[in-house]
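The structure appears below as structure tokens.
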Amino acid sequence: MYDLFIPTLHTFAMNNPFTGSCGNFRFKITPSIVKREDNKKEVDAEKSAIKAEFWHSPFCYEKSQMEGENTFPLSEEGRLAMKAWLESNI
């Protein structure tokens, strides 16, 4: 059983991507942030999402072919589901 480090939800809400690895397993998480209509400084969590991609290779994202991709809601439940999905593909 592997326990990947995945940053907090706040990291993704601030529109920060994240890359990580475990041996030859590599992954990239990219947020898709939508701001609220009534307050452009706040994130509309219901319309935002986080996309996870993974590959098995010693090479970086740009030099690799993705083996899997999935999109999850921008919520703590979505973050945990994404973590479980990534761990199931190691």
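The values are calculated or read from the model by the stated rules, or taken from the named source; none is laboratory data. Keep in mind it's a predicted model, so treat the numbers as computed, not measured. Using ideal geometry, Cβ is built from the backbone for each residue, glycine included, and neighbour counts are taken over all protein chains shown. These area figures cover heavy atoms from the full protein model, side chains too; ligands, DNA and RNA do not enter into them. Shrake-Rupley method; radii C 1.70, N 1.55, O 1.52, S 1.80 Å.
Cβ separations smaller than 6 Å between residues 6+ apart or across chains give the following pairs from segment 57-81 residues that are in contact (Cβ under 8 Å) with a residue 60 or more places away in the chain to residues that are open to solvent by less than 70 Å² (accessible area, probe 1.4 Å): L74/A45; L74/S48; L74/A49; L74/I50; E76/L9; R79/L9. Could you say whether any residue in segment 66-75 is closer than 20 Å to P7 by Cα and out of contact with any strand residue (DSSP E or B) (no Cβ under 8 Å at 6 or more places or on another chain)? Yes, segment 66-75 contains at least one residue that is closer than 20 Å to P7 by Cα and out of contact with any strand residue (DSSP E or B) (no Cβ under 8 Å at 6 or more places or on another chain).
Give me the pairs, please: first residue somewhere in segment 20-35 and outside any strand (DSSP E or B), second residue anywhere and open to solvent by 20 Å² or more (accessible area, probe 1.4 Å) and basic (K, R), beta-carbon distance under 8 Å, and either six or more positions apart or on two chains. Matching pairs, first to second residue: V34/K47.
Of the residues making up segment 47-65, none is open to solvent by less than 50 Å² (accessible area, probe 1.4 Å), out of contact with any helix residue (DSSP H, G or I) (no Cβ under 8 Å at 6 or more places or on another chain) and among the aliphatic types (A, V, I, L, M). Checking each residue in segment 36-90 for being over 20 Å from M14 (Cβ atoms) and part of a helix (DSSP H, G or I) picks out Y61, E62, K63, A81, A84, W85, L86, E87, S88. Exactly one residue out of E42, E87 is of a type in the set (D, E, K, R) and either open to solvent by 50 Å² or more (accessible area, probe 1.4 Å) or without any contact (Cβ under 8 Å) to a residue 60 or more places away in the chain (or both): that is E42. The set of residues in segment 1-26 that are under 21 Å from S64 (Cα atoms) and small (G, A, S) comprises G20, S21, G23. Condition check: without any contact (Cβ under 8 Å) to a residue 40 or more places away in the chain and either in contact with a helix residue (DSSP H, G or I) (Cβ under 7 Å, 6 or more places away or on another chain) or open to solvent by less than 50 Å² (accessible area, probe 1.4 Å) (or both). Does A13 satisfy that? No; evaluated as a whole, the condition is false for this residue.
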